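The values are calculated or read from the model by the stated rules, or taken from the named source; none is laboratory data. On a predicted model such as this, the values are computed, not experimentally measured, just so you know. Positions of Cβ are backbone-derived with ideal geometry, glycine not excepted, and every protein chain shown enters the neighbour counts.
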Amino acid sequence: MEQEKLEIKQVMVLRDVKVLKALFSKWRSEILRLLTVQEYTVKQLSEMLGINPGTVYHHVKELQKAGLVVETRTVQEKNIVSRYYRAVAREFRVDFSIITSEDDKDVTQWVRSRVISLIDALKAYNIDIPEESYPEAEDHITEFINLENFIKEEIIPKNPELLKNIASSTAKDAFSLMSLLRLNLNKDYVEIKEKLLDFLKKHELT
């Protein structure tokens, strides 16, 4: 597949249990993060991560099998063929509604742990939520992020060809501005956001 023919999504929401399992590995998560920025070969990824090419190749193939990564092009120099890979989206977001699913307890626990980690991380910003309030915090955050995911996923550029001629960082900033517009025009989002903000303010240390 030629790089210029690859249409990279701005946001891809991960809902499939099998796909989420592919990200249980810290190396796959890190490789996917790098490939959202630009294309790399297995050798380049190996050098950046400090792990052997065979391990990187295995993880890249698992990500490719999960539909998160594609091969963009090949370059042949003498007898060596270099294959380049790229993530299919610039941003991957997890569907937190999986927390209420019973399809796979490992995935449910993994997603819930991400929410709990987020709640814990707020302490760095002087927002100290007591453990007895974690369920309420989890409900607020899950509702907020799920609606945000849905709205962002629906934002599709009308002229995607234009994005191929500008820097990735600029395309990301343009998408952020459009997201801000679409999110704040959605009445449900504004209402849910206000509820979350009120909850966070209540637990902010002065």
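Output the residues belonging to the range 117-141 that are farther than 26 Å from residue 177 by Cβ, buried (at least 16 other Cβ atoms within 10 Å of the Cβ) and within 20 Å of the chain's Cα centre (by Cα).
Hits for the range 117-141 are 119, 138.
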Q) Considering the range 187-206 alone, what residues qualify as being surrounded by fewer than 10 Cβ atoms within 10 Å (Cβ to Cβ) and not aliphatic (A, V, I, L, M)? A) 187, 201, 206
Q) Of the residues 69, 56, which single one is closer than 19 Å to residue 172 by Cα and free of Cβ contacts under 8 Å to residues at least 40 places away in the same chain? A) 69
Q: Please go through the range 163-186 and pick out each residue that is among the basic types (Lys, Arg) and either surrounded by 14 or more Cβ atoms within 10 Å (Cβ to Cβ) or closer than 15 Å to residue 152 by Cα (or both).
A: 172, 182
Q: Among residues belonging to the range 38-65 that are within 21 Å of residue 9 (Cβ to Cβ) and polar (S, T, N, Q), point out the one that is modelled with the lowest pLDDT.
A: 38
